[in-house]
């Protein structure tokens with residue numbers, strides 16, 4: 001094979017690789033744009049408004065006062081229907097959480113009745129809660145929960161803020177990876193709690209026990225508007241509005257879904273600093289070792 005033939009073959013290979021890469025990028029963009037367009041054409045719920053969260057970003061941390069208010073909303077309102085089975089009372093006193101003292105947690109746990117047993121006679125019994133106990137549910141089982149909520153099973157609060165999400169579409173989902181935007185669930189929950197309408201739009205028929213919500217996919221859900229202005233009393237002077245309640249309880253839900261968020265971020269920062277220092281040392285070590293080889297080359 002001559003040099004000209006080899007060069008021509010190489011140019012053809014490079015051109016073909018470039019064409020394949022361009023075709024792949026075009027196909028990806030087309031699919032992303034098509035998915036976004038199809039979602040909008042299907043009449044999906046509008047995107048929830050972005051909220052400002054103290055725990056957002058690589059250096060974010062929970063606002064302890066907000067978590068305490070959110071727990072108050074959960075306990076007085078949401079716990080009537082929603083369980084929180086993966087969280088223990090003692091988690092409330094752990095670092096990075098609402099900041100309750102051990103004495104407060106012990107007194108709080110004792111206010112709950114926890115089913116335990118069997119005792120010496122083989123019977124189950126109820127006892128006051130302990131810090132090590134998980135939050136008990138108001139319902140004995142899922143069927144009882146459905147029966148009390150028009151056939152709908154209220155989701156558990158433990159991981160709800162992580163489980164709920166929405167698509168931001170192309171190209172925003174690419175930007176989310178860069179800015180580490182992970183608050184889709186909290187934004188959605190706040191929008192949902194504030195998205196109820198007193199009456200459904202014209203052309204929409206609701207069955208008994210159904211409610212219209214702007215941000216619910218399909219716009220119909222079985223949960224009535226859970227909270228209204230002035231329903232929960234705050235002692236720290238915070239506004240007692242539906243929006244404030246929604247933000248506070250959502251922040252608490254985010255913490256319930258990831259109680260170790262602050263610890264994770266601190267560990268990640270230490271790892272990144274270590275990797276930067278290690279990379280720098282390796283680079284200068286390589287330069288030192290190979291400088292002698294370069295000098296005699």
May I ask you to verify whether residue 143 is more than 19 Å from residue 242 (Cβ to Cβ) and in a helix (DSSP H, G or I)? yes
Selection over the stretch 138-172 where residues are at negative phi, surrounded by 13 or more Cβ atoms within 10 Å (Cβ to Cβ) and in contact (Cβ under 8 Å) with a residue 60 or more places away in the chain yields a count of 17
From the list 185, 218, 230, exactly one residue is exposed (fewer than 12 other Cβ atoms within 10 Å of the Cβ), closer than 27 Å to residue 84 by Cα and within 23 Å of the chain's Cα centre (by Cα). Which is it? 218
In the stretch 103-127, which residues are outside any loop (DSSP other than H, G, I, E, B) and modelled with pLDDT under 95? 113, 114, 115, 116, 125, 126, 127
Suppose we filter the stretch 172-205 for residues that are out of contact with any strand residue (DSSP E or B) (no Cβ under 6 Å at 6 or more places or on another chain) and part of a loop (DSSP other than H, G, I, E, B); how many remain? 12
Kindly indicate whether residue 260 is closer than 22 Å to residue 89 by Cα and surrounded by 10 or more Cβ atoms within 10 Å (Cβ to Cβ). yes
Which of the residues belonging to the stretch 58-102 are within 30 Å of residue 147 (Cβ to Cβ) and assigned to a loop (DSSP other than H, G, I, E, B)? 77, 81, 82, 83, 84, 85, 86, 87
Sole residue being modelled with pLDDT under 90 and surrounded by 11 or more Cβ atoms within 10 Å (Cβ to Cβ), chosen from 89, 33, 71: 33
For residue 235, are the conditions met, namely being without any contact (Cβ under 8 Å) to a residue 60 or more places away in the chain, within 26 Å of the chain's Cα centre (by Cα), within 28 Å of residue 66 (Cα to Cα) and not in a helix (DSSP H, G or I)? no
Condition test on residue 76, is it surrounded by fewer than 18 Cβ atoms within 10 Å (Cβ to Cβ) and either farther than 22 Å from residue 141 by Cβ or at pLDDT 95 or above (or both)? yes
With the requirement that a residue be free of Cβ contacts under 8 Å to residues at least 40 places away in the same chain and within 19 Å of residue 156 (Cβ to Cβ), what does the stretch 51-91 give you? 75
Hey, does the stretch 92-99 have a residue that's more than 30 Å from residue 46 (Cα to Cα), touching a residue at least 24 places away in the same chain (Cβ under 8 Å), exposed (fewer than 12 other Cβ atoms within 10 Å of the Cβ) and in contact with a helix residue (DSSP H, G or I) (Cβ under 6 Å, 6 or more places away or on another chain)? no
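The values are calculated or read from the model by the stated rules, or taken from the named source; none is laboratory data. These numbers come from a predicted model, not from an experiment. Neighbour counts are summed over all protein chains in view; Cβ atoms, including those assigned to glycine, are modelled from backbone coordinates with ideal geometry.
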